[in-house]
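Input: a single structure, listed below in structure tokens.
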Amino acid sequence: MARYTGAVCRLCRREGQKLFLKGDRCYTDKCALARRQYAPGQHGQGRKKNSEYGVQLRAKMMTRRYYGVLENQFYHYFELASKKPGKAGENLLAILESRLDNVVYRLGWASSRAEARQLVTHGHFTINGKRVDIPSYLTSVGEVVAIKEASLNSEKIKAVLEANASRPVPKWLDRAANNSAKVVAVAERSDIDLQVEETLIVELYSK
């Protein structure tokens, strides 16, 4: 599957806010956005006047980059969200939050979503006791996500768990002490710390 392989710090600088794409580095003085608070490229410091379309496009791109999703899959999620009752924008964010790689990240079992995708692909997690190695798997309310018992002996997993032990877990996830967690609800907008107006995405795709 295609994926972005460029410098991820450029993405944060382009959107003008931290997307926490490099884990712990984003919280230090080494963060590229903290040092250069302007867009990358030759004209990054130039004055820009955004059109209505430009503002809507930036909202979509910021959300895509935050969750690490490419265009075709993102539009598929939007179509799913549009068919659900309620607000399409909030439904879209809830779907993105339910991705397995995001759930692993939210539980503190990875330092970034990119690292979570890698760990999921390597088969370190189970859902309801069965190994799942698809980062885009959409978890459902009632499902139990756990770290494989064999994976707990991995030095990589041990280091990640120790580094992220104090990270708060959103209320729609119930993390247990035995390295497992249950999805107890659908993520609400108030649970999602992404600073974007999701209605702009709906407006963009509705044209």
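The values are calculated or read from the model by the stated rules, or taken from the named source; none is laboratory data. Values in this document were obtained by computation on a predicted structure and should not be read as measured data. Counting neighbours? That spans all protein chains shown, and the Cβs are built from the backbone with ideal geometry, glycine included.
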Give the residue, chosen from Arg99, Arg113, that is touching a strand residue (DSSP E or B) at 6+ places or on another chain (Cβ under 9 Å) and modelled with pLDDT under 95. Arg113
In this structure, is Ser151 assigned to a loop (DSSP other than H, G, I, E, B) and either hydroxyl-bearing (Ser, Thr, Tyr) or at pLDDT below 95 (or both)? no
Qualifying positions in segment 119-129 - in a helix (DSSP H, G or I) and either surrounded by 22 or more Cβ atoms within 10 Å (Cβ to Cβ) or modelled with pLDDT under 95 (or both): Leu119, Val120
Checking the structure you have, find out if any residue of segment 74-84 is surrounded by 15 or more Cβ atoms within 10 Å (Cβ to Cβ), assigned to a helix (DSSP H, G or I) and at pLDDT below 95. no
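Pick from Ala187, Ala181: which is farther than 19 Å from Gln73 by Cα and in a loop (DSSP other than H, G, I, E, B)? Before you say what the answer is, go through the steps one by one.
Numbers: Ala181 fails: in a loop (DSSP other than H, G, I, E, B).
The match here is Ala187.
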Here are some conditions: (1) modelled with pLDDT under 95; (2) assigned to a loop (DSSP other than H, G, I, E, B). Ala159 meets all but one. Which one does it not meet? (2)
